[in-house]
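Here is the structure we will look at, set down as structure tokens.
The values are calculated or read from the model by the stated rules, or taken from the named source; none is laboratory data. Being a predicted model, the structure only gives us computed values, none of them experimental. All Cβ positions, even for glycine, are placed from backbone atoms using ideal geometry, and neighbour counts span all protein chains on display. These accessible areas exclude ligands, DNA and RNA; they are computed on the full protein's heavy atoms, side chains included. Shrake-Rupley method; radii C 1.70, N 1.55, O 1.52, S 1.80 Å.
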Amino acid sequence: MASTVLFYLFAGFAIACALSLVYHRNPLYSAISLIGVFIALSCIYVTLAAPFIAAVQILIYAGAIMVLVVFVIMLLNLDEDRPLTRLKYLYALGAGLGLILLVQTFFIFYAVMRAPNHTVNVDQTVGKTLSIGQAMYSEYLLPVEIVGVLLLMAIIGGVILVRRLEPTQLRLVINEELDRRNEGQEKDDFRIAL
Amino acid sequence: MESLLKTAFPFIVYAIALLLAFQGVLMIVAYTVLAERKVLGWIQGRIGPNRVGPWGVLQPFADLLKFIFKEDLVPDKSTKFVYFLAPMVALTCALLPIVVYPFGPPITTVDWTFLPYGLGEGIRQLPLTIAQIDVGVLYVLGITSVGVYGIALAGWSSNSKYSLMGGLRSSAQMISYELAMGASILGVVMLAGTLDLNGIIYAQINSPFRWFIIPQIIGFVIFLIAAFAETNRVPFDLPEAETELVAGFHTEYSALKFALFFMAEYVNMFTVSVMSTVLFLGGWYVPGLSHIFEVGSVPYALVSLAAFVGKICFFLFLYIWVRGTLPRFRFDQLMNFGWKFLLPLAIANTIVTIVVVYFLNS
């Protein structure tokens, strides 16, 4: 009873935030709405006895990724009144994708209706940290390793994209670095102070 | 009536517990502000506030009244909705971790059957924690990381260059030091084998030599430094460097909205003090207390609670002491220190801990 009420509360909040995310033209309002969606979803995870997933959802999506998104929006200070006539063909594409999503949703709804009904038992250890860790590092070890390598590639790619230099600039940077190493610590402190 | 009371009883208990916990924490926080002004005064050879009440003890209430009655200015060109939202986000995220604080050991020896209508039946123990969450450490880290929005949005929505610079600095600083903080906790979590705050305390119990400050001294130092940066305190108070940014992200805030930010900062200080106590100093555990009082009895719990508050007060005093002693970093020094020194050190500490824990367990 209580869990049903909570589910509708959080689900309603999530849907309201999602609608506001699409509705607002100001990107910052959309970003705030998206944070609301993440928080509502994490509340639903808690009611489904998956506290670890809920905490990670808050920590990574709401706490890390969206902070960077908000950061970029704040720094770019995008205009609110851009012409809407550009990229008209995207509306058709969006409508098509929306239709596919709708069909998927109905299929999931249908599949859940057909599936045998069983209630969530809070004492079940499925959502607990220990069982998730054991599953990740035994049964699903290969996918975890692959994701780890992918993330490492993304980090290196990010560093390379930021430090992309022309050959002349690169030579300058290398020379500067060599100078710095040769001339020792005192010079180094002086440079930083400048 | 009786059945209704029975249904409502857990909710009433939780409401009372929440009220007590929030009231207690906020009182400590209010007096931290007074203690800060007093101790800073002594460090600088002044007296500090001593006019409101004897020895200035009523100063926090006088400050609160002043904040309530001040004029509430809203900048004309600000983004109104976000401007109002930001202080609420900041304070809410600061207050939410209170529900997982392990205030003390559970009271198990009291017989609750004296309660009317048989309400006390089946109650085995009274835990001194409001919500026993399996992932307490992650919960606290997650909520505090959401608190960045309060500051970032405040800086952006005020539509002032000082506020924007303060907000940007603060968010960049909090994101950077969050990584080092998370990595410094990993060692403790591996040694304790749990993310539950009470479980971490139970892993350090029985002897003060089992406190995680001894095997994890590097982690403790990293955590402490990162905590100073996370709460935007001296020597990392770049977001409100008054000589260059007026007051940083809250330049345009006045009256009660400013008070919310102010309170959020001090509650955050309290939270990181709780985390340092629980993770590294054994939480509410007092060495040798189990020989004096029976474990689970009321005096045992009360003395433990007092010890917990005492350890937190030590960290709060440390904050004030450092504020009275150290000068401010420059922003590029702060970033270099966080990314190039603290984070690699935290990761190295984690790797060493992994190896040691692996060989200890095998």
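Descriptive notes on the structure:
- When the residues of region A:28-50 are filtered to those that are more than 12 Å from chain B (Cβ to nearest Cβ) and touching a residue at least 40 places away in the same chain (Cβ under 8 Å), the one that is most open to solvent (accessible area, probe 1.4 Å) is A:Leu48.
- Against the list (1) out of contact with any Leu (no Cβ under 6 Å at 6 or more places or on another chain); (2) modelled with pLDDT under 85; (3) away from every other protein chain (no Cβ under 14 Å); (4) under 27 Å from B:Leu238 (Cα atoms), the condition B:Ser184 fails is (2).
- Remark: pairs (first residue in region B:207-224, over 19 Å from B:Val356 (Cα atoms); second residue of a type outside the set (Val, Ile, Thr) and not in a helix (DSSP H, G or I); Cβ separation under 8 Å; 6+ apart in sequence or on different chains) = B:Ser207/B:Pro287; B:Pro208/B:Gly282; B:Pro208/B:Pro287.
- Filtered residues of region B:120-160 (kept if within 11 Å of chain A (Cβ to nearest Cβ) and among the small types (Gly, Ala, Ser)): B:Ala131, B:Gly136, B:Gly142, B:Ser145, B:Gly147, B:Ala152, B:Gly155, B:Ser157
- Only one of the numbered conditions (1) open to solvent by less than 40 Å² (accessible area, probe 1.4 Å); (2) within 14 Å of another protein chain (Cβ to nearest Cβ) is not met by B:Asp63, and that is (2).
- Unique residue being out of contact with any strand residue (DSSP E or B) (no Cβ under 7 Å at 6 or more places or on another chain) and under 18 Å from B:Phe270 (Cα atoms) when the list is B:Leu256, B:Leu238, B:Leu197, B:Leu153: B:Leu197
- Remark: B:Leu195 matches the filter, which requires a residue to be within 7 Å of chain A (Cβ to nearest Cβ), farther than 19 Å from B:Leu91 by Cα, of a type in the set (A, V, I, L, M, F, W, C) and out of contact with any His (no Cβ under 7 Å at 6 or more places or on another chain).
- Top-ranked residue of region B:105-150 - restricted to ones that are at pLDDT 75 or above and polar (S, T, N, Q), ranked as farthest from the chain's Cα centre (by Cα): B:Thr109
- Flag if B:Val110 is of a type in the set (Val, Ile, Thr) and within 12 Å of chain A (Cβ to nearest Cβ): no
- Output for region A:54-76, where each listed residue is modelled with pLDDT under 85 and more than 9 Å from chain B (Cβ to nearest Cβ): A:Val72, A:Leu76
- Of the residues making up region B:84-93, those that are away from chain A (no Cβ under 12 Å) and buried (at least 18 other Cβ atoms within 10 Å of the Cβ) are B:Pro87, B:Ala90, B:Leu91.
- Within region A:78-106, restricting attention to residues that are modelled with pLDDT under 80 and surrounded by 10 or more Cβ atoms within 10 Å (Cβ to Cβ), the residue that is farthest from the other protein chains (Cβ to nearest Cβ) is A:Leu78.
- The single condition from (1) over 30 Å from A:His24 (Cα atoms); (2) open to solvent by 60 Å² or more (accessible area, probe 1.4 Å) that B:Lys77 fails is (1).
- For A:Ala2: the one exception among (1) away from chain B (no Cβ under 14 Å); (2) surrounded by fewer than 15 Cβ atoms within 10 Å (Cβ to Cβ); (3) among the hydrophobic types (A, V, I, L, M, F, W, C): (1)
- Candidate set from region B:161-181 (those that are farther than 26 Å from B:Val99 by Cβ and at the interface with chain A (Cβ under 10 Å from one of its Cβ atoms)); member that is least open to solvent (accessible area, probe 1.4 Å): B:Gly167
- Selection status of B:Phe258, open to solvent by 30 Å² or more (accessible area, probe 1.4 Å), in contact with a Pro (Cβ under 9 Å, 6 or more places away or on another chain) and at pLDDT 85 or above: yes
- Test: residue in region B:38-51 that is buried (at least 17 other Cβ atoms within 10 Å of the Cβ), basic (Lys, Arg) and touching a helix residue (DSSP H, G or I) at 6+ places or on another chain (Cβ under 9 Å): yes
- The condition of being under 30 Å from B:Val25 (Cα atoms) and over 25 Å from the mean Cα position of the chain (by Cα) holds for only one of B:Phe293, B:Phe359, B:Phe308, B:Phe317, that being B:Phe293.
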